[in-house]
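Notes follow once the structure below has been shown.
Please treat every number below as a calculation from the coordinates, not as lab data. What you are looking at is a predicted structure, and each value in this text was computed from that prediction instead of being measured. Because the Cβ atoms are built from the backbone with ideal geometry, glycine has one as well, and the counts that use them run over all protein chains shown.
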Protein chains: 2
Amino acid sequence: MAGFVSHFTNRLDAKGRVSIPASFRAVLARDGFEGLYCISSSHCQAVDAGGNELLAEIEKRSEAFAKLSPDHDALAVALFGASENPKIDGDGRMTISDMIRDHTGITDQVTFVGMKYKFQIWEPEKFREYRAEAQKRALAMLSGASPASSQGEPA
Amino acid sequence: MAGFVSHFTNRLDAKGRVSIPASFRAVLARDGFEGLYCISSSHCQAVDAGGNELLAEIEKRSEAFAKLSPDHDALAVALFGASENPKIDGDGRMTISDMIRDHTGITDQVTFVGMKYKFQIWEPEKFREYRAEAQKRALAMLSGASPASSQGEPA
DNA sequence: CGGGTTCTTATGGGATATCATGGGAAATCA
DNA sequence: TGATTTCCCATGATATCCCATAAGAACCCG
C-alpha cells in the first residue's frame, strides 16, 4: 500500500457519522494506531488526520524545543490542544466533532484527501477552492525551485 | 525486460475494466509494487501509471519541503490527492475510475503508452493528436544536436 | 518444413464479497 | 430520566473473484 492517496467525498448521516474511505482504513490498520489522530490545520480550514506516522511528525516538531521551556509548553498547547482522538466504529465510521465542524465548516458532506503520510478532512466546496490554488502553487514550486540537484526533469 | 515500451489499445468492458498489456504487467511484477500507482498528469490529458519507480519519482518532488508546512501540504494535495492505487485483478485488468475518466475523456477504449520508467493512459484519439505534436517537437529538438539523416518509422 | 497442439492473452459474464449508508436497540452519561 | 452515544444488523450498489472462450502466438515433433 502506498500511504493515503486519492480523494473521496462521503455523506454525513443523521447521527453525525461518516464512513472513512476503505482504502484509508486499510492504511490505518497497517499503521497500527488505535482510532484516528486528528489535529486542526493551522494554515487552512481542514483537519489533518492519520495514525502513528502523523503523530510522530507532530512530535518531531515540538522536540525542537527543550521540554519545560515556555516555547515548548506553548507549542504543546497549540498542537495537542487542537487535537482529538476519535474512535472508529465497527463499520469504519467516525463522528464529526464540534471542533471539526467549527474549523472546517462541514455540514452534510465530507471530503477526505490523501496526502501520503496523513489525510485531510474538508468541507467539499472549500476543498475544491483550495485544490485549485494548490495546483497552481505546485506547478510553480516544481518548475522554479530546484535548489540542490543537478539535471533538469524528465519530459 | 527493459521497462515499459511500445503502445497498445484495449477495449473497456461493461464493468469499466480494461486489460493492462501483458508486457506492462511483466514489468510491474518485476517492480514488485502492489497494484498500480496512477497520477493525473498536470500538463496533458493523460494519467501516469507505474510502480515503485514512478512513486519514488513523485515522492522525491515533495521531499524538498518540510512536512506540515503550507508548501508541503499544497504539493501533497496536488500530487497525492490526484493519485490512485487501483488493484489489478487475477486476469491482469484494472478498472478505470471516474477520476481517470474525467481527466482523460476515456469512454470505451484505452491506449497504454510505454515511457520506460512509467506508462501513460490515454483516450486513443487524444493520444493520436498528442503523438503527432510530440513527434514534431522531437524532430525539432533532434535536428539541433546531430546531423540528422533518416527517420525510421516506429512499428 | 509443416501441421498440429499447447500457451498466452484479451474479453465476457455469473456469482460473491465489500462498502457506504440507514436505522433500531442497548448502553452510557449527566 | 431524557438525551446522546455505541453497537449491531439490513440493504442496495459496486467491486472483486472465478471461470469460460476465442483468437493468436509460440512451440514441438515428426
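Annotation for A:Arg25, label-to-label distances across the other copies: 2.9 nm (shortest first, one decimal, point 7 Å from Cα along Cα→Cβ). Near B:Arg93, the amide H atoms lying under 5 Å from its own belong to B:Ile20; only residues 5 or more places off or on other chains count, and H is placed 1.01 Å from N. The length gained on full extension between A:Ala29 and A:Glu57, counted as 0.36 nm times the residue separation minus their Cα-Cα distance, comes to 8.2 nm.
The same position A:Pro70 in the other copies lies at 2.6 nm from this copy, comparing label points 7 Å beyond Cα toward the beta-carbon, shortest first. Karplus-derived 3J(HN,Hα) values for the range B:18-30, using 6.51 cos²θ - 1.76 cosθ + 1.60 with θ = phi - 60°, are 8, 6, 7, x, 4, 5, 5, 4, 4, 5, 4, 4, 5 Hz; glycine and proline are entered as x. If you take the square roots of the eigenvalues of the alpha-carbon gyration tensor of the range A:7-143 and sort them as a ≥ b ≥ c, do you get rounded (a/c under 1.5), prolate (a/b over b/c) or oblate? Judged from the Cα gyration tensor, the range A:7-143 comes out oblate (a/c at least 1.5, b/c at or above a/b). Amide H contacts under 5 Å for A:Val47: A:Ser41, A:Ile121, restricted to partners 5 or more places along the chain or on a different chain, H placed in the peptide plane at 1.01 Å from N.
Averaged over residues, the count of other Cβ atoms within 10 Å places the peptides B:58-68, A:77-87, B:120-130 in the sequence B:120-130, B:58-68, A:77-87, highest first.
Taken one residue at a time, the phi angles of the range B:48-62 give Karplus couplings (6.51, -1.76, 1.60, θ = phi - 60°) of 7, 9, x, x, 4, 5, 5, 4, 4, 4, 5, 4, 4, 5, 8 Hz. Gly and Pro are set to x. Over 26 Å apart at the Cα level, from the set A:Lys67/B:Lys67; A:Lys15/A:Lys60; B:Lys60/B:Lys87, are A:Lys15/A:Lys60. Taking amide H positions as modeled 1.01 Å from N, with prolines and chain starts lacking one, the residues under 5 Å from B:Tyr117 and 5 or more places away or on another chain are B:Phe4.
Label-point spacing for A:Ser143 across the identical copies (point 7 Å from Cα in the Cβ direction), in nm and ascending order: 2.5.
A simple rule links phi to the HN-Hα coupling: the Karplus curve 6.51 cos²θ - 1.76 cosθ + 1.60 with θ = phi - 60°, which for the range B:123-139 gives 7, x, 5, 4, 5, 4, 4, 4, 5, 4, 5, 4, 5, 4, 4, 4, 4 Hz, with x for Gly and Pro.
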